[in-house]
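Read through the structure below, which is laid out as structure tokens, and then see the notes.
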DNA sequence: CGACAGTCTCTGTCTTGTCAACTACTGTCG
DNA sequence: CGACAGTAGTTGACAAGACAGAGACTGTCG
């Protein structure tokens with residue numbers, strides 16, 4: 001947010017890049033989210049969790065692992081898992097050897113719904129995001145922004 | 001959200017670009033937001049509104065204009081303006097000739113606080129975002145993502 | 001073993017934003 | 001003028017996350 005209009009704003013190159021990130025994110029996400037809810041009845045945050053679990057070992061992930069792989073706080077994950085569990089797509093199980101902990105495991109139904117939804121989700125992102133970039137631009141953006149997810153735990157400044 | 005890990009995911013080039021947008025957005029925003037709140041006592045959404053008003057005619061903007069320039073719904077803007085108004089940074093005034101309407105106007109205090117906060121905000125974005133890209137990368141990202149804010153009202157596919 | 005600091009998850013409470021419905025007003029058409 | 005469709009903004013009810021702190025457990029040190 002906080003984008004300079006044309007007046008007495010800095011209007012630097014990097015601010016345009018930042019503004020692009022901001023808007024691309026918001027606009028694509030809005031469409032993708034609405035589509036997902038309309039067609040599958042759950043939001044992107046669920047798909048995010050389901051996708052993490054899909055890609056995880058069969059015995060699931062702990063709350064803190066889900067949290068580390070997401071943009072939520074621990075309490076946010078607890079409540080998110082509550083909802084997904086209530087819908088029957090995941091299940092909480094005990095962790096052997098640590099009775100504080102919880103493993104979150106995909107149910108068969110959860111796996112099925114993930115597969116469906118993820119298959120439907122990709123073309124939406126492709127249509128709303130990728131199709132508006134040339135292949136070179138896709139590569140350029142992917143390279144330029146890779147530091148932000150290429151495990152740099154904190155994004156700390158240099 | 002919903003990022004493929006390394007397993008049996010498509011792992012296309014454009015998905016990496018999308019993931020970069022997602023993560024860059026989230027990580028930079030998180031830091032910028034925290035910094036703004038810590039140093040100026042208000043969140044980015046306020047700065048966004050203040051910046052729009054700063055760049056607007058002296059007699060302010062209508063609710064719907066603020067809404068068009070933001071990522072909020074009308075009711076979201078109403079409530080956002082409520083809070084900023086309660087803090088004394090903007091004021092609602094009548095629109096001559098349309099008694100349904102409202103102009104939102106920056107107070108002197110609001111202008112002052114905007115200036116302060118915006119000056120402080122830019123270097124944060126520069127540090128957290130721009131400094132991790134080369135100048136060429138900045139240009140590439142700015143060019144590639146410009147369709148998303150270059151007035152394309154809806155981001156419709158096509 | 002017992003104390004105690006640290007860890008893992010959950011809960012109470014609050015904030016923020018959405019959606020749908022509502023009030024108030026405008027302009028048009030008879 | 002009076003009806004009426006459309007527009008501007010607000011409100012009620014609710015959903016989703018954040019934060020701080022609680023509860024349950026673990027491992028270590030005496």
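For the Cα atoms of chain A, what angle does the longest principal axis make with the long axis of helix A:135-145, in degrees from 0 to 90, nearest 10? Helix A:135-145 and the main axis of chain A meet at about 70 degrees. Label-point spacing for residue A:41 across the identical copies (point 7 Å from Cα in the Cβ direction), in nm and ascending order: 4.8. Considering only A:106, A:80, A:47, the Gaussian network model of chain A with Cα springs below 10 Å gives its largest mean-square fluctuation to A:80.
Relative to the other identical copies, residue B:30 shows label-point distances of 2.4 nm, where the label point lies 7 Å from Cα along the Cβ direction and values run shortest first. Sorted shortest first, the distances from the residue A:12 label point to those of the same residue in the other copies are 3.4 nm; each point sits 7 Å from Cα along Cα-to-Cβ. Mean-square fluctuations from a GNM of chain B, with a 10 angstrom spring cutoff on Cα atoms, peak among B:40, B:129, B:15 at B:15.
Counting Cβ atoms of other protein chains within 10 Å of each residue's Cβ and taking the mean over peptide B:126-136 gives 5.
Evaluated at q = 0.11, 0.14 Å⁻¹, the base-10 log of the normalised Debye intensity for the protein assembly as shown, with identical point scatterers placed on the Cα atoms, takes the values -0.77, -1.15.
Here chain A has an Rg and Dmax of 18.6, 62 Å, counting Cα atoms alone. Rg/Rh for region B:80-134 (Cα atoms only, Rh after Kirkwood) is 1.22.
A short reminder: the numbers here are calculations on the coordinates, not readings from a lab. As the structure is a computational prediction, the values presented were derived from the model and not from experiment. Methodologically, a virtual Cβ is constructed for each residue, glycine included, from the backbone with ideal geometry; neighbour enumeration extends over all protein chains shown.
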